[in-house]
Every structure is written in C-alpha cells, then in structure tokens.
Amino acid sequence: MSTEAVRMDKQSGRQIDDKPKNHHYEKDISYTLQLCKCFLKPLGLWSMIYYKTKTWEKILSVFLVMWYTFVMLFSIVPPVRFVIFAHASVLQWVQVFGMMTFSVTNCLKYCLMGLRGRKLGNCIKHMEEDWKATENPSYRAIMLKQVSMSRQLVAISAVMLYTGGMFLHVVIPLYLIQKASKSDRYDKPASHRGYEFILNSQFRLATQFVVTMQSFAGLTKYTISLCVYSLAVHFVTHIIGQIKIQISRLNECVMELQVNGRDTMGLIIRDHVEILRFSKNMQEAFYEICLIQILESTFLLCFLGFCLVTQWGEELTINVTTLIVLVISFSFNLFIFCYVGELLSNQCSEIGPAAYNIEWYNLPPKQAQNLILLSVISLYPPKLTGGKMIQFCLATFGTVMQTATIYMNLIRTVSQSD
C-alpha cells in the first residue's frame, strides 16, 4: 500500500485507506444509512450530523430547526396551561399530561441530537470506513445481515408509531368534529385540550388550524423518536457485526499462520480497539438521550395504561384501539432498545471465550500472549446505558414495565377515591 493512499483521522487517530477494499461500499453505505437519512433529513438534523453535506443543506437545516421548534412549542405550551390552571378530571389530566410529557421529552431529544451531532457524525464516519475495509465476501455478508435486521426492526417500529399517531392526532379529532356537526355538541379530544383560546366549535377555520398543527406536531414527535431509535439500532448492530467478524478471524488466525504464514493477530487486536472506540463514541452520544428514553417510556406506559383501563368498554372503540396500538408500540420500542443493549454486551463478551477456544497452543508465544488482552477486555464489554446509570437490558425492560404498572394502579386508586 502506498503512503499517499493512507491518511490519519484527526478525531480518532485511525489510519484511513483512501482506496476502498470493498468495491460495493457505496451501495452498502447507502443501504445502511437509508432509513436514518429518511428520518433525519426532514427534521434538518442530517446536515448537523453527516460531514458530507453542502452549504445550502446546512442553511436549509437552520430554517427547518426554527420551524420545528415553533411546532414543538405549539404542542407544549397550551397543555402546560391546561395542566396548571384547568379544573379537569383525573382522566383528562392524565391524557393531557401524557401528551405534554411526550412532547417535552422529544423536544429534549431533538436538541440533544443537534448538540451531539459531531459525535454521531463520527460514528457514521466510522461505519463508512468499516464498510470500505470489508474485503472478504463472507464478512460483508455478516454485516449485511445485521443491517437487514436493524432495518426490519426500524420499519416495524415506524409502522406502529405512525399508525397510532395518525389515529390519535387525525382520525379521532376528525371523527369528533364530524359528530359535532350532526349533534351541535363538540367533545374536544385529548389533543385539543388547552387550546380554548384558539379553538371554538363555531369557528371552523380555527378547528382546522389546530387539527393541522397537532397532526404536524405529532408527525414531528414520532419522527424524532424514530431518529433516535434508528441511529441507536444501526450503531449497535454494526458493532455486533464487527465483533462477529473478529470472532470469525480469530477462528481462522491459526490456519492463516500455519498455511500462509500470515500473522493476523495484530490486525485483530487493532480492529478490536477500533470497535471499542466506536462503542465509546456511541455511548457518549446517547447516554443522555437513553436516560430520557427510559423516563419517557415509564411515564407514557403508565399514562397510556391508565387511559386504556379507564376507557375500556366505552362506545368510542376507535379511542381504545388507538391506545392499544400506542401501548404495544412504545412497549415494542423499549423492548428492542433493551434487547439490542443486551445483545451488545453479550456479543462483545463472546470474544474472550472465542479466543480461548481456538488452537492457541499452536501459536508462537508472543502471539498467544495477545489473546490474554482480548480475554481481559471481554470481561468489561461496552454497554448501552441511560445517563451512565441504567443499563439497557432485558431486566431493565421488566423493571420499567413493572414500575409503570405500579404507578398506573396508584393513579387509578387515587382517581377512584376522589
């Protein structure tokens, strides 16, 4: 390899080969980042994260961020006014407070993704370099399998979130408006409470304006959630794919040395260090967002469960159906977050046993000693955590569901006593 073809990455100090070994890397990178771009670009976040963006895209992102800030404030300020000043039942208060919580947490996630844009961009850049360096077709197949899995998970989550959001912010309000036109009585949906200073059942234009803005705000919030979800899932599955490649290379290193005389142990150690650096950047970019995700899931599942139990058996079955879809959707998202966090820790710890199970006794002593380093590092695998306090694992999923159920029963007991 010529010296002109190699340069150093200033952020990581990693050697970057300008001549890609994978001839399909552009197609592979596009396939990997396709869903992330679909969610990030409309929100103006892609140009803040990705390093290969044009000037006009950055200017456009500024206007998009200003617009979405106004939209988010429109969905936060009136519900806050309702929660503080309105005399409402417990069910109405829980409905509005739940929507306000979802709006506030997604607004925070939106801001944090912008602030952590450089770290997220470094992770994407690292992914691209890994794709460029993937020369072996079997290794490429491993990575493509992980990408396919992550895309399927994100697609399922998107369908469920957008379906529930469409019913909550579009179908139910339009149904109640149509019902009001026949009976001259307008029962405001939960998404319209707090907008009394704008909304008037006799002023059709104001009603249409609130429905439109609420629909747009709902679409924005669900897209922000999917941005976080898609980035986290793609990053974690990429790390898992890289670890599987290193395990495969470990199993082949003895044969490579005996047959071809190639010492691949140094490359395995170097690439494993790069994987750990990538996982560290990912954790630093996500630990605040993941903490918000844990709190958001706990509160939302609590409030949605209370609303579902309270309204179960009512005539308006479309409302109950929407609540069921949203409960399943948020539970599924949390489960996948915890599942990929569990996979990350388990897969990264597998490299130690894999190093022990190879024919290390056929390696030269100096090379065999490198396996000790891999075994020790595997005892402290990277973890996906919320605020560096709560680890995302299946046990955490059970704890959140249990906590949400406890608080739901508490609110239900208080509402019945009143």
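Taken over segment 38-91, the criterion of being surrounded by 15 or more Cβ atoms within 10 Å (Cβ to Cβ), of a type in the set (S, T, Y), touching a residue at least 24 places away in the same chain (Cβ under 8 Å) and farther than 16 Å from T223 by Cα is satisfied by Y50 alone.
Scanning segment 125-170 for residues that are assigned to a helix (DSSP H, G or I) and of a type in the set (D, E, K, R) returns K125, E128, E129, D130, K132, R140, K145, R151.
Let's see how each residue does on (1) crowded, with 21+ Cβ neighbours inside 10 Å; (2) within 18 Å of L161 (Cα to Cα); (3) touching a residue at least 60 places away in the same chain (Cβ under 8 Å); (4) among the aliphatic types (A, V, I, L, M):
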position	(1), (2), (3), (4)
D271	no, no, no, no
Q283	no, no, yes, no
F286	yes, no, yes, no
E296	yes, yes, yes, no
F299	no, yes, yes, no
C302	yes, yes, yes, no
W312	no, no, no, no
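Counting just the residues of segment 198-223 that are touching a helix residue (DSSP H, G or I) at 6+ places or on another chain (Cβ under 7 Å), at pLDDT below 70 and of a type outside the set (G, A, S), which one comes out least open to solvent (accessible area, probe 1.4 Å)? Only one residue fits best here, namely L199. Residues considered: A354, A368. Of these, the only one that is in contact with a Leu (Cβ under 9 Å, 6 or more places away or on another chain) and either in a helix (DSSP H, G or I) or over 24 Å from G241 (Cα atoms) (or both) is A354.
Within segment 103-118, the set of residues being surrounded by fewer than 21 Cβ atoms within 10 Å (Cβ to Cβ) and over 15 Å from the mean Cα position of the chain (by Cα) comprises V104, L115, R118.
When the residues of segment 341-357 are narrowed to those that are in contact with a Ser or Thr (Cβ under 7 Å, 6 or more places away or on another chain) and aliphatic (A, V, I, L, M), which ends up modelled with the lowest pLDDT? Among those residues, the one meeting the criterion is A355. When S148, S157, S138 are checked against the criterion of being within 22 Å of the chain's Cα centre (by Cα) and open to solvent by 10 Å² or more (accessible area, probe 1.4 Å), S148 stands alone in meeting it. Taking (1) touching a Pro at 6+ places or on another chain (Cβ under 7 Å); (2) hydroxyl-bearing (S, T, Y); (3) under 30 Å from M100 (Cβ atoms) in turn, S331 satisfies each apart from (1). Tell me, please, whether a residue that is at pLDDT 85 or above, in contact with a helix residue (DSSP H, G or I) (Cβ under 9 Å, 6 or more places away or on another chain), surrounded by 15 or more Cβ atoms within 10 Å (Cβ to Cβ) and within 30 Å of M265 (Cβ to Cβ) can be found in segment 358-381. So far as segment 358-381 goes, yes, one or more of its residues are at pLDDT 85 or above, in contact with a helix residue (DSSP H, G or I) (Cβ under 9 Å, 6 or more places away or on another chain), surrounded by 15 or more Cβ atoms within 10 Å (Cβ to Cβ) and within 30 Å of M265 (Cβ to Cβ).
Please verify whether V320 is β-branched (V, I, T), surrounded by 18 or more Cβ atoms within 10 Å (Cβ to Cβ) and assigned to a helix (DSSP H, G or I), treating the condition exactly as stated. No; evaluated as a whole, the condition is false for this residue.
The values are calculated or read from the model by the stated rules, or taken from the named source; none is laboratory data. Quick caveat, the model's predicted, so the values are computed rather than measured. No Cβ is skipped: glycine too gets one built from the backbone with ideal geometry, and neighbour counts run over all protein chains shown. Note: accessible area is taken over every heavy atom of the protein model, side chains too, but ligands, DNA and RNA are not part of it. Shrake-Rupley method; radii C 1.70, N 1.55, O 1.52, S 1.80 Å.
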